[in-house]
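Read the structure below first, then the notes.
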Protein chains: 2
Amino acid sequence: MRISEASRLSGVSTRLIRYYESIQLLGRPARTATGYRDYDQRDVHELRFIKRARSLGFSLKQTKELLDLWRDTRRANHKVLALAERHQRTIIARMQAHEAIIEVLGRLIQACQSNDRPECPILDGLADSRSRE
Amino acid sequence: MRISEASRLSGVSTRLIRYYESIQLLGRPARTATGYRDYDQRDVHELRFIKRARSLGFSLKQTKELLDLWRDTRRANHKVLALAERHQRTIIARMQAHEAIIEVLGRLIQACQSNDRPECPILDGLADSRSRE
DNA sequence: GCTTGACCTTCCAACTGTTGGAAGGCGCAT
DNA sequence: ATGCGCCTTCCAACAGTTGGAAGGTCAAGC
């Protein structure tokens, strides 16, 4: 099938498919006589795998590792597990950072809403390094 | 003061200070006779403001808007408030996306930990598009 | 006076991930 | 043959930060 078909079936844009090939996340596909990329069902599976890993926040580097492990006739589970756990810890840390930000913003916003005077508690809060980071 | 001093006092790297100047987030500072950048206390305040806005996840573009509002003798509070509220909604959405990811990863990790067979539930979960995105 | 080392300057490139455009070839319809 | 929609390649942009290279400046030490 052509690249647009693979794109449609996988949900990955044609641009991105070519990019994934260029960084060797995907192997070079077969080519037609006139030089068009020719994909098969297996490629579509890999693209879906990539898409899903990306949607879970794995980097392209991690996605490549996962894909390699997947291609490797499903061996070395412990590596996959370690990678997933490490990634989960990263995402948890990021989420907690977001929580902290939301809390700070919430305080500033509230102070601003209950304020009639000309100065702005949000700007003051940003300027004031005594507020928690 | 020189750039390294401004960096030390603000916590913003010299590289970044120059970059912020190049994108006109900061104005061009005075120069010494030999061409060295010469900063004052006000610049340090602005750098700290920037650093804090960035740490709260505001983009450079938003940070510039906030900084401009701040320079504007503290007028137009409602603009600041709107910007902050919009940003908070963005961060909340991001945090929720993270939560969802953590949940999915948690399921996959747990399935993998309670699994003795050769196949890997994490890889299978990534491959299986029936799992929730 | 000359070297050493720590600073300063500029410019150009890398990183991550995705998207966009331009310029040209291919294939099928009218 | 003309037009349309696909395909190809290459080059650039976005956000934000960091890194290196090649060179100028300034103080201290010998």
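The values are calculated or read from the model by the stated rules, or taken from the named source; none is laboratory data. Owing to the predicted nature of the structure, the values given are computational and were not obtained by experimental measurement. Cβ coordinates were reconstructed from backbone atoms using ideal geometry, including for glycine residues, and neighbour counts include every protein chain displayed. When the accessible area is computed, the model is the full protein with side chains, heavy atoms only, and any ligands, DNA or RNA have been set aside. Shrake-Rupley method; radii C 1.70, N 1.55, O 1.52, S 1.80 Å.
Odds and ends about this structure:
- Once backbone amide H atoms are built at 1.01 Å from N, A:Leu26 has A:Glu21 as its partners under 5 Å, excluding neighbours fewer than 5 places away on the same chain.
- The protein assembly as shown, accessible surface, carbon-and-sulfur percent (1.4 angstrom probe): 49
- Each other copy places its own label point for B:Lys61 at 2.8 nm from this one, sorted shortest first, where the point lies 7 Å along the Cα-to-beta carbon line.
- Position A:Arg15, label points 7 Å along Cα→Cβ, spacing to each other copy in nm (shortest first, one decimal): 2.8
- Residues of segment B:40-72 whose accessible area, computed with a 1.4 Å probe over protein heavy atoms, drops by at least 30 Å² once all protein chains are present relative to their chain alone are B:Arg48, B:Phe49, B:Arg52, B:Ser55, B:Leu56, B:Trp70.
- Entry comment: accessible area of the protein assembly as shown is 58 Å² per residue, from protein heavy atoms only and a probe of 1.4 Å.
- Principal semi-axes in Å for chain A [√(5λ), Cα gyration tensor, largest first]: 46, 21, 11
- Counting from the shortest, the label point at B:Ala93, 7 Å from Cα toward Cβ, is 2.6 nm from the same position in each remaining copy.
- Net length available on complete extension from A:Tyr36 to A:Glu65 is 7.6 nm, with 0.36 nm assigned per residue and the Cα-Cα distance removed.
- Charge dipole magnitude, Cβ of K and R +1, D and E -1 - chain A, Cα centre, debye nearest 20: 800
- Cβ-placed point charges (K, R +1; D, E -1), dipole of the protein assembly as shown about Cα centre in debye, nearest 20: 580
- Chains B and A together bury roughly 4500 Å² of accessible surface, counting both sides and using a 1.4 Å probe on protein heavy atoms.
- Taking every full run of DSSP H in chain B, the ones that stretch at least 24 Å from end to end by Cα along their long axis and average -0.5 or higher on the Kyte-Doolittle scale are B:77-113.
- Quarter of the Cα convex hull surface for the protein assembly as shown, i.e. its orientation-mean projected area (nm²): 20.2
- Rolling a 1.4 Å probe over the protein chains gives A:Glu65 an accessible area of about 70 Å².
- Relative contact order (percent, whole number), chain B, Cα cutoff 8 Å, 6+ residue spacing: 16
- Mean separation of Cα contacts under 8 Å (6+ apart) over length of segment B:1-75, as relative contact order %: 31
- Of all chain A residues, the one whose C-beta is nearest the axis that brings A onto B, in angstrom: A:Met95, 3
- Evaluated over the protein assembly as shown, the count of Lys pairs having alpha-carbon atoms less than 22 Å apart is 10 (only pairs 8 or more residues apart or interchain).
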